[in-house]
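*Asks:* Sending over a structure as structure tokens; questions will come in a sec.
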Amino acid sequence: MLAPFTHILPLASVIRRRMLPSDGRIRVKIGQRVKATDVLAETVISRKHILLDVAQGLRVSSRQAMPLIQFKKGQKVNADQVIAETSGLFAREVRSPVSGRVVVIGGGKLVLETGVSLFELLAGVPGIVTEIIGERGVVLRASGSLIQGLWGNGQLETGVMMSVIDRPDEGFDPNRLDVSIRNSIILGGILDNPAVIKNAIDLPVRGLIVASLAPALLPLVAQASFPVMAIEGFGRKPMNSIAFKLLSTSVRREVTLNAASYDRMKGDRPEVFIPLPVTQQPPELHEVDTFLPKQTVRVMSLTGPTRIGTLIKLSSTLTMLSNGLRAKTAEVQLESGEQIVVPLTNLDVLG
């Protein structure tokens, strides 16, 4: 069975493939060094499409309508401008209801793209451009520490990381957000108090890295203008020991907090990247693997805390669980020494 990976590594080569939603203009060159917030490429995207049935408007067949259309694909059209018309005593015309650009013509119909806006593709990590993918994207390489989370609010920022916690199971105390750490990216604990967000806005801060997030605060955090990443997802879950150790020993370093929305299909993950100087390239990341003995795994639960352990043995047959279901399982030895049997769907590999 394929094992999902969550990367929590002190040093690795990070390869990131950044793609535009449609063809556009690439603004960087191969070999160029970029910052996390630099724009790699840009394109114009539409917020709305309007279908105009020209044939119906002119009361002619689809075949007759095609030569009467006065615009070609890609041309701009102004509001109330004539798109097509017939001649003769009882001439008819079709006008554009809005300003836009013609994107499709066919079958006696025309599609207008309107409400366009500029989409800018950000680097997401500080690194070097290693490849240009036509007019669609860029490949970056960077070396440093990487800590991935389970939820992010879609924002990106770079800054010095400061900590307001001493233990991985602490709550996030809003009173510890004071002027001494303003304009920093803050390492905090379990976020269940809305005053944390209020104080973070008032300071202000550049971002929050939290152990976990109370679901009731999701609407508030999702609208924050700075990035927020929850390493363990939702609930009152302490930060896993591996992530806590790596982050707490990296305080006062420059970090990039890319709180991207978690998207398995695109491979996007919320993550903290800490650039480090290297004399030779460290190994590249594995995105998927199979479950194997001796792997470090995280045991996840909807209600309880996440736990870290070592995979001891995989079951050769389906195991009957306490809820009456049968599933593929593994024996895991937790950090405490306790051995438990866990469904594979509740595990991910840390590495």
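The values are calculated or read from the model by the stated rules, or taken from the named source; none is laboratory data. Owing to the predicted nature of the structure, the values given are computational and were not obtained by experimental measurement. No Cβ is skipped: glycine too gets one built from the backbone with ideal geometry, and neighbour counts run over all protein chains shown.
*Asks:* For segment 204-219, which residues satisfy the criterion of being surrounded by 16 or more Cβ atoms within 10 Å (Cβ to Cβ) and either more than 18 Å from residue 305 (Cα to Cα) or among the polar types (S, T, N, Q) (or both)?
*Replies:* Passing the criteria: 205, 206, 207, 208, 212, 217.
*Asks:* Among the numbered conditions (1) farther than 23 Å from residue 192 by Cβ; (2) within 17 Å of the chain's Cα centre (by Cα), tell me where residue 259 comes up short.
*Replies:* (1)
*Asks:* A further question on this structure: Quick one: which residue in 190, 185 is within 19 Å of residue 303 (Cα to Cα) and crowded, with 23+ Cβ neighbours inside 10 Å?
*Replies:* Matching residue, one of 190, 185: 190.
*Asks:* I'm trying to understand the selection: among the residues of segment 330-351, which are touching a Phe, Trp or Tyr at 6+ places or on another chain (Cβ under 9 Å) and not small (Gly, Ala, Ser)?
*Replies:* Scanning segment 330-351 gives 344, 347, 348, 349, 350.
*Asks:* Of the residues 129, 102, 111, which is without any contact (Cβ under 8 Å) to a residue 40 or more places away in the chain, surrounded by 13 or more Cβ atoms within 10 Å (Cβ to Cβ) and either farther than 30 Å from residue 17 by Cα or not assigned by TED's automatic domain parsing to the domain that holds residue 14 (or both)? Break it down into steps so the answer makes sense when it comes.
*Replies:* Details: 129 fails: without any contact (Cβ under 8 Å) to a residue 40 or more places away in the chain; 111 fails: without any contact (Cβ under 8 Å) to a residue 40 or more places away in the chain.
Going through 129, 102, 111 in turn, just one is without any contact (Cβ under 8 Å) to a residue 40 or more places away in the chain, surrounded by 13 or more Cβ atoms within 10 Å (Cβ to Cβ) and either farther than 30 Å from residue 17 by Cα or not assigned by TED's automatic domain parsing to the domain that holds residue 14 (or both): 102.
*Asks:* Further, regarding this structure: Could you tell me whether residue 303 is at pLDDT below 80 and either in a loop (DSSP other than H, G, I, E, B) or in the same structural domain as residue 244 (by TED's automatic domain parsing) (or both)?
*Replies:* Working: at pLDDT below 80: yes; either in a loop (DSSP other than H, G, I, E, B) or in the same structural domain as residue 244 (by TED's automatic domain parsing) (or both): yes.
Yes, satisfied.
*Asks:* When residues of segment 303-320 are filtered for being over 18 Å from residue 334 (Cβ atoms) and among the hydrophobic types (A, V, I, L, M, F, W, C), how many remain?
*Replies:* 2
*Asks:* Still on this structure: Please give the strands (runs of 3 or more DSSP E) falling wholly within segment 1-70 in which 2 or more residues are surrounded by 14 or more Cβ atoms within 10 Å (Cβ to Cβ), aliphatic (A, V, I, L, M) and in contact with an Asp or Glu (Cβ under 9 Å, 6 or more places away or on another chain). Before you say what the answer is, go through the steps one by one.
*Replies:* Details: elements: 2-6, 8-19, 39-45, 48-53.
It comes to 8-19, 39-45.
*Asks:* Residue 292: at pLDDT 85 or above, under 29 Å from the mean Cα position of the chain (by Cα) and assigned to a loop (DSSP other than H, G, I, E, B), yes or no?
*Replies:* yes
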